[in-house]
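Each reported figure results from applying straightforward, stated rules to the coordinates on display, with no laboratory input. Quantities reported herein were computed from a predicted structural model and do not represent experimental measurements. Using ideal geometry, Cβ is built from the backbone for each residue, glycine included, and neighbour counts are taken over all protein chains shown.
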Amino acid sequence: MKEVSTRRIIDVVERLCIDSNIYLNDDIRESLTEAQRLEESESGKTVLKSLVRNAEIAAGEGMAICQDTGMAVVFVRMGQDVRITGGSLTEAINEGVRRGYQKGYLRCSIVEDPIIRKNTGDNTPAVIHYDIVEGDQLQIDVVPKGFGSENMSALKMLKPSDGVEGIRRFVVETVSNAGPNPCPPVIVGVGIGGSMEKCALLAKKALLRKVGSKNPKKHLEDLERLLLEEINMLGIGPAGLGGRATALGVMIEAYPTHIAGLPVAVNISCHATRHRSAVL
């Protein structure tokens, strides 16, 4: 049995909150550079160049990439042979978020009640998803999600007869309807299958994949490629000013579902798509 202290968890989550908001992931930086090379629109090239420069300044100055430092979404993969000592795991994660947002001078965007809407003042509570797995490791992924992109996400309960064409149409329409609002070029996470809540979770998890990675299932890899091509033909372009770089990547995650259902969720994320991971 491996023991992990809540004190260590607090320190790790604090660091992940700060680092994910300041440092653009390498795969995204490389994708932006490649998109700049392929972009045909001059305004699009200018926007892409500015996004790369913005990331360089943020890293150099230790400042947030974007003013919307997001709602802290945390994925926890906890080995069955891990024992948490010193208190509650959930409370430790929230304390890490609290300290990270305060220490990193990150904007606090969480309201304690969705109707009354009083700000909690420390960006807690986080949205935490737990997954119990084999082994003695504790993996924590911190995913700050801004709501300019989150608000453009959608879910639809398709019928099995809608098939691949129905999935394709829904995903492309969702991105088209989003237009410039999610700060394109976007990264699109797609969840297919499971139940209503499962496919939404799959879509969010899909955003953790590296941009440019391929689904191991050939039919899903083909659908990812098709969707990316169609989305980049919409002409929305960087910052919505026109061009071919509307999306940097489309990632699909799928799960078994009911014979009568075909749930599909689209989780749109901005060009920054922030996330950082640690294994304890």
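What is the order of 50, 20, 41, fewest Cβ neighbours within 10 Å to most? The partial results should precede the final answer.
Values: 50 12, 20 28, 41 17.
With the fewest neighbours first, 50, 20, 41 line up as 50, 41, 20.
Listed highest first by mean packing, meaning other Cβ atoms within 10 Å per residue, what order do 177-186, 77-86 come in? Don't skip to the answer; put the middle values down first.
Numbers: 177-186: 20.9, 77-86: 14.9.
Packing proxy ranking, top to bottom: 177-186, 77-86.
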Segment 237-277 and segment 30-107 have their Cα centres apart by a whole-number Å value of 17
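Kirkwood hydrodynamic radius, computed over distinct alpha-carbon pairs, for segment 148-274: how many Å, to one decimal? Don't jump to the answer; show the numbers that get you there.
Numbers: mean 1/r = 0.0710 Å⁻¹.
Result for segment 148-274 stands at 14.1 Å.
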For the chain, averaging the sequence separation of alpha carbon pairs under 8 Å that lie six or more residues apart and dividing by its residue count, the contact order in percent is 26
Restricting to Cα pairs under 8 Å and 6 or more apart, the percent relative contact order of segment 95-245 works out to 17
Taking max minus min of the Cα coordinates of segment 128-171 on each principal axis, largest first, gives extents in Å of 43, 30, 13
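Arrange 63, 233 by Cβ neighbour counts within 10 Å, fewest through most, would you? Don't skip to the end; give the middle numbers.
Working: 63 16, 233 11.
Ranking 63, 233 by Cβ neighbours within 10 Å, fewest first, gives 233, 63.
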Percent antiparallel among DSSP beta bridges confined to segment 148-274, rounded to 5, stands at 55
In the chain the cysteines whose Cβ sits 4.7 Å or more from every other Cys Cβ are 17, 66, 108, 199
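With the contact rule set at Cα under 8 Å and sequence spacing of 6 or more, what percent relative contact order holds for segment 140-224? Walk me through the numbers before you get to the answer.
Values: 51 pairs, mean separation 19.5, N = 85.
Worked out over segment 140-224, it gives 23 percent.
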Too long for a 23 Å Cα-Cα cut-off, among 118/198; 145/205; 2/198; 45/217; 159/198, are 118/198; 2/198; 45/217
Output ordering of 151-162, 126-137, 264-275 (per-residue mean of other Cβ within 10 Å, highest first) is 264-275, 151-162, 126-137
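Restricting to the chain, compute how many DSSP beta bridges are antiparallel as a %, nearest 5. Working shown, then result.
Values: 24 of 44 bridges.
Among the beta bridges of the chain, antiparallel pairing accounts for roughly 55 percent.
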